[in-house]
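As structure tokens, the structure follows; a few thoughts come after it.
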Amino acid sequence: MLNRILLTLIKAQSDTPLQAMSTDAFENPATYKGWIYPFRYLLALRYLKIKQQVLKSFRSQKIYPIHNNEFKIALLDHLSGKIKKTATDSSSKNPLSAIGFKSKVIYPLALIGLVIGAIGLNQWHQHRKIESIFANHLPYFSDLLHRKLILKHNDQNKALAEVEASIKQTEEKILNDLPERDGIRAIVEKQLTRLKDPASTSEEVMLGFKDVNTVFDKHNLPFYLSPKSFSMPCSSLIDAPVEQMMMLKELESLMSNNNPELCRTTMMTAYKVDDRKQLFYDTDNDTVELPLFRVRRIDKVPAVDSALGLTFKDRGIGSIILLERIANFAKESVLPALTFQGRNYIIPYWMQGYYEIEEAVTKAYKKDLAEIYPDVKDQRKIKTAVKSLINDKFRMSNAKMQQTLQRENSNSEKSIFGNGFDAISVMLGKSAGTEKNKKSKTTNEEFEPEILDKLDEVLLPSIEYHEAYHQIDKKTWAAPTWLRDTFKDKLNENAIDHTLEELGAYLAQLANTDQGQQIWLSKLLIFSLNPMTKGQAEYYASSLIFTTIESLYLGDEVKPNYIATVDEKTAIFKVLSSKSNSEIKALAKAAYEELFKRPVPSLRKQAFK
């Protein structure tokens, strides 16, 4: 390519003399204007090399002195000969290949690249700045508000003044580091003001941050903020001896007619959005988008999420899919089933001694894992990683404790599906940050990313379908006729609604999941047998699923009920775990249609059919 360019330039600049016996213009890089600077030096060096070769040929012929015209002819012939020899080179054949070295082409492209890079770097810096604000300062702000509440009810005025100054300083820090564009700073400032207002209800706080997350989503800002609000009797904030507290509570109960003054406190949690997905659902009049945010916790609040996904209904935007919880669920509660020692950790403590249940659940898990990992090498890698994980007994004890103490919280009454935090998760979250648990950081690395990715491909779509189901507006759906008799004098209206939601979500999840049914059936069995979840939505929903599917399988009339013994539920589970994925899907679909008298909702990845 260089030879061709030199030949073209020399011919084009025929009035520029070529000097055989002295330096000429083509040896100077400045001659090659119009080309980028590095390329100019390459052309000058190439010219010098060709000139030396031509002069050498003259010397070999003992021709001296060399006339300039003869030198020019010889040099042109030499260049032409070089070009012919390299004619097979595709880049030499294509005259456009050299255009990329033209300064009028490369410099504008470089400038565009720099601008794009600068914009990207600025955006990355802004996102890092915002992430630091949401991960550190926003939770600290909510913690300061809680401290203020405690100090106010304990008449510690000096400390109260210091905390109020810190609140103001932290608020200014948060707002100053947020961009003003797209109304981001304004919407966050509005919600911080609402958090500071004691008169703001939990509902107002949730709806306020729904607006914040909507703005983030609209302008592709990859963050999701979730306030966890709690209400408690204000008297419980008073620091006093136990005897005085008991007397105070009795007095408060008498004076308020068992309706004490309540104080709201809010714990702010923040998530980074890794990916934004969506499913689409057709109503009678329109197609509705159901947003799904795959997120990771970025705050340092010492509490862990107790669910794999969260849906806030009208009080939030879309659903959040908790990637770290799902990864831990896979590593600590699914993959260990492939080893004999590991199965001990996927079974709750209260199931120990129930060998048949333990064996049935382990076989069900293995059945799914064999389909997900058909390669024996992958299974061997998993077993090796699980053995390393089991050595971290502290972590595995926590994992088993989470399996054992699965429970609901009061969020269910506020239409938050998938739970949020509970006392157990807070306790486990604190321990997760201790020195004792440092070993888990090394065991995490034992699982190759490709291994976990394969399991994620099965778990994530299923969890997303479950959470998307919760987003569907069901206000116009007719209530099943069996509800009144089944839950008569047993559940209030909120609990019934929550049970129906979980019942429909799990059945729809099973009916639309191509893989992993055994994993979810095992979770349902644990829900239905766990004494910690008895009386909660998951307990009723899972029990109804097993009894309904049993009736359909046997061809009996379906009489929805949640009453079945441990042996009966285990027997149903064993039968289901022996079925293929397509058979389980068909049974789940039939159960949904029988219980809800409507088809299973069709959720699509595309907006249009």
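The values are calculated or read from the model by the stated rules, or taken from the named source; none is laboratory data. Small disclaimer: the values here were computed from a predicted structure and weren't measured. Glycine also receives a Cβ, built like all others from the backbone with ideal geometry; neighbour counts cover every protein chain displayed. Ligands, DNA and RNA are stripped out before the accessible areas are found, and what is left, the full protein with its side chains, is counted by its heavy atoms. Shrake-Rupley method; radii C 1.70, N 1.55, O 1.52, S 1.80 Å.
Are any residues in segment 285-302 over 15 Å from the mean Cα position of the chain (by Cα), in contact (Cβ under 8 Å) with a residue 12 or more places away in the chain and either farther than 22 Å from Glu203 by Cα or open to solvent by 20 Å² or more (accessible area, probe 1.4 Å) (or both), and if so, which ones?
Our first condition is that a residue be over 15 Å from the mean Cα position of the chain (by Cα); within segment 285-302, this holds for 285-290, 300-302.
Within this subset, residues satisfying the condition of being in contact (Cβ under 8 Å) with a residue 12 or more places away in the chain are 287-290, 300-302.
Thr287, Val288, Glu289, Lys300, Val301, Pro302 - these are the residues of segment 285-302 that are over 15 Å from the mean Cα position of the chain (by Cα), in contact (Cβ under 8 Å) with a residue 12 or more places away in the chain and either farther than 22 Å from Glu203 by Cα or open to solvent by 20 Å² or more (accessible area, probe 1.4 Å) (or both).
How many residues does segment 489-508 contain that are at pLDDT 90 or above and part of a loop (DSSP other than H, G, I, E, B)?
0
Quick one: in segment 535-554, of everything that is in contact (Cβ under 8 Å) with a residue 60 or more places away in the chain and not aliphatic (A, V, I, L, M), which residue is farthest from Tyr373 (Cα to Cα)?
Gln536
Do you know which of the residues in segment 21-56 that are in a helix (DSSP H, G or I) and of a type in the set (Ser, Thr, Tyr) is nearest to Leu6 (Cα to Cα)?
Looking only at segment 21-56, we keep the residues that are in a helix (DSSP H, G or I), and these are 25-27, 29-31, 37-56.
Keeping just the survivors that are of a type in the set (Ser, Thr, Tyr) gives 31, 37, 41, 47.
Values: Thr31: 11, Tyr37: 16, Tyr41: 12, Tyr47: 7 Å.
For segment 21-56, the residue satisfying everything is Tyr47.
Does at least one position in segment 512-534 carry a residue that is more than 17 Å from Leu308 (Cα to Cα), in a loop (DSSP other than H, G, I, E, B), open to solvent by 10 Å² or more (accessible area, probe 1.4 Å) and without any contact (Cβ under 8 Å) to a residue 24 or more places away in the chain?
yes
Name the residue that is surrounded by the fewest Cβ atoms within 10 Å (Cβ to Cβ), counting only residues in segment 316-373 that are in contact with a Phe, Trp or Tyr (Cβ under 9 Å, 6 or more places away or on another chain) and basic (Lys, Arg).
Among residues in segment 316-373 that are in contact with a Phe, Trp or Tyr (Cβ under 9 Å, 6 or more places away or on another chain) and basic (Lys, Arg), the one surrounded by the fewest Cβ atoms within 10 Å (Cβ to Cβ) is Arg343.
Pick from segment 216-246 the residues that are among the aliphatic types (A, V, I, L, M) and crowded, with 16+ Cβ neighbours inside 10 Å: which of them is nearest to Ser319 (Cα to Cα)?
Leu225
Are any residues in segment 587-608 touching a residue at least 24 places away in the same chain (Cβ under 8 Å) and in a loop (DSSP other than H, G, I, E, B), and if so, which ones?
Of the residues in segment 587-608, the ones touching a residue at least 24 places away in the same chain (Cβ under 8 Å) are 587-592, 594-598, 600-608.
Of everything in segment 587-608, those that are touching a residue at least 24 places away in the same chain (Cβ under 8 Å) and in a loop (DSSP other than H, G, I, E, B) turn out to be Lys597, Arg598, Val600, Pro601, Ser602, Lys605, Gln606, Ala607, Phe608.
Among the residues of segment 546-568, count how many are assigned to a helix (DSSP H, G or I), closer than 20 Å to Gly504 by Cβ and not hydroxyl-bearing (Ser, Thr, Tyr).
The number of residues fulfilling the criteria is 4.
Return yes when Lys313 is closer than 30 Å to Gln278 by Cα and buried (at least 21 other Cβ atoms within 10 Å of the Cβ) and no when it is not. Explain how you work it out, then say what you get.
On the way: closer than 30 Å to Gln278 by Cα: yes; buried (at least 21 other Cβ atoms within 10 Å of the Cβ): no.
It is false that Lys313 is closer than 30 Å to Gln278 by Cα and buried (at least 21 other Cβ atoms within 10 Å of the Cβ).
Any chance segment 120-139 includes a residue that's in a helix (DSSP H, G or I), out of contact with any helix residue (DSSP H, G or I) (no Cβ under 9 Å at 6 or more places or on another chain), open to solvent by 90 Å² or more (accessible area, probe 1.4 Å) and within 27 Å of Ala165 (Cα to Cα)?
The first filter runs over segment 120-139 and keeps only residues in a helix (DSSP H, G or I), leaving 120-139.
If we keep only those that are out of contact with any helix residue (DSSP H, G or I) (no Cβ under 9 Å at 6 or more places or on another chain) as well, we get 120-129, 131-132, 135-136, 139.
So of that shortlist, the ones also open to solvent by 90 Å² or more (accessible area, probe 1.4 Å) come out as 121, 123-125, 128.
Add one more test, that the residue is within 27 Å of Ala165 (Cα to Cα), and what stays is 128.
Yes; the residues of segment 120-139 include at least one that is in a helix (DSSP H, G or I), out of contact with any helix residue (DSSP H, G or I) (no Cβ under 9 Å at 6 or more places or on another chain), open to solvent by 90 Å² or more (accessible area, probe 1.4 Å) and within 27 Å of Ala165 (Cα to Cα).
Please count how many residues of segment 188-199 are open to solvent by less than 60 Å² (accessible area, probe 1.4 Å) and farther than 19 Å from Tyr140 by Cα. Give the steps one after another, and end with the answer.
Residues of segment 188-199 open to solvent by less than 60 Å² (accessible area, probe 1.4 Å): 188, 191-192, 195.
Imposing the further condition that a residue be farther than 19 Å from Tyr140 by Cα reduces the set to none.
Counting residues in segment 188-199 that are open to solvent by less than 60 Å² (accessible area, probe 1.4 Å) and farther than 19 Å from Tyr140 by Cα gives 0.
Which pairs turn up if I take residues in segment 24-47 that are in contact (Cβ under 8 Å) with a residue 12 or more places away in the chain and look for partners that are part of a loop (DSSP other than H, G, I, E, B) and among the hydrophobic types (A, V, I, L, M, F, W, C) with beta carbon separation below 8 Å, at least 6 apart in sequence or on another chain?
Once the first residue is in contact (Cβ under 8 Å) with a residue 12 or more places away in the chain and sits in segment 24-47, its partners that are part of a loop (DSSP other than H, G, I, E, B) and among the hydrophobic types (A, V, I, L, M, F, W, C) give Phe26/Leu18.
Can you spot a residue in segment 85-108 that is modelled with pLDDT of 80 or more and aliphatic (A, V, I, L, M)? Walk me through it before giving the result.
Start the filter on segment 85-108 by keeping residues that are modelled with pLDDT of 80 or more, which leaves none.
Scanning segment 85-108 turns up no residue that is modelled with pLDDT of 80 or more and aliphatic (A, V, I, L, M).
Could you tell me whether Pro480 is at pLDDT 90 or above, more than 24 Å from Leu459 (Cβ to Cβ) and surrounded by fewer than 20 Cβ atoms within 10 Å (Cβ to Cβ)? First the steps, then the outcome.
On the way: at pLDDT 90 or above: yes; more than 24 Å from Leu459 (Cβ to Cβ): yes; surrounded by fewer than 20 Cβ atoms within 10 Å (Cβ to Cβ): yes.
Judged against the criteria, Pro480 is a match.
Just give me the residues in segment 374-392 being touching a Leu at 6+ places or on another chain (Cβ under 8 Å) and either open to solvent by 10 Å² or more (accessible area, probe 1.4 Å) or not hydrophobic (A, V, I, L, M, F, W, C) (or both), in sequence order. Walk me through how you get there before you give the answer.
Going residue by residue through segment 374-392, those that are touching a Leu at 6+ places or on another chain (Cβ under 8 Å) are 379, 382-383, 385-386.
Correct list: Gln379, Lys383.
Only one of (1) at pLDDT 90 or above; (2) closer than 22 Å to Trp520 by Cα is not met by Tyr349, so which one is it?
All conditions are met except number (1).
Just to verify a result, which residue in segment 149-186, among those that are over 35 Å from the mean Cα position of the chain (by Cα) and open to solvent by 90 Å² or more (accessible area, probe 1.4 Å), is farthest from Gln126 (Cα to Cα)?
Asp155
I need the full set of residues from segment 247-281 which are assigned to a helix (DSSP H, G or I) and either open to solvent by less than 60 Å² (accessible area, probe 1.4 Å) or of a type in the set (A, V, I, L, M, F, W, C) (or both), in order please. Give the steps one after another, and end with the answer.
Taking segment 247-281 and keeping what is assigned to a helix (DSSP H, G or I), we get 247-255.
Result: Met247, Leu248, Leu251, Glu252, Ser253, Leu254, Met255.
Just checking, which of Lys454, Lys475 is open to solvent by 70 Å² or more (accessible area, probe 1.4 Å), under 26 Å from Tyr281 (Cα atoms) and not aliphatic (A, V, I, L, M)?
On the way: Lys454 fails: under 26 Å from Tyr281 (Cα atoms).
The match here is Lys475.
So is Lys597 at pLDDT 90 or above, closer than 27 Å to Lys488 by Cα and open to solvent by 20 Å² or more (accessible area, probe 1.4 Å) or not? It would help to see each step written out before you state the result.
Details: at pLDDT 90 or above: yes; closer than 27 Å to Lys488 by Cα: yes; open to solvent by 20 Å² or more (accessible area, probe 1.4 Å): yes.
Yes, satisfied.
Of all residues in segment 47-73, how many are under 12 Å from Ile10 (Cβ atoms) and open to solvent by 20 Å² or more (accessible area, probe 1.4 Å)?
Result for segment 47-73: 2.
Mind listing just one residue for me: the one in segment 26-41 that is under 25 Å from Phe58 (Cβ atoms) and either open to solvent by 40 Å² or more (accessible area, probe 1.4 Å) or of a type outside the set (A, V, I, L, M, F, W, C) (or both) and, of those, modelled with the lowest pLDDT? Outline the logic, then answer.
First, the residues of segment 26-41 that are under 25 Å from Phe58 (Cβ atoms): 26-28, 31.
Remaining after also requiring either open to solvent by 40 Å² or more (accessible area, probe 1.4 Å) or of a type outside the set (A, V, I, L, M, F, W, C) (or both): 27-28, 31.
On the way: Glu27: 86, Asn28: 86, Thr31: 82.
The extreme case among them is Thr31.
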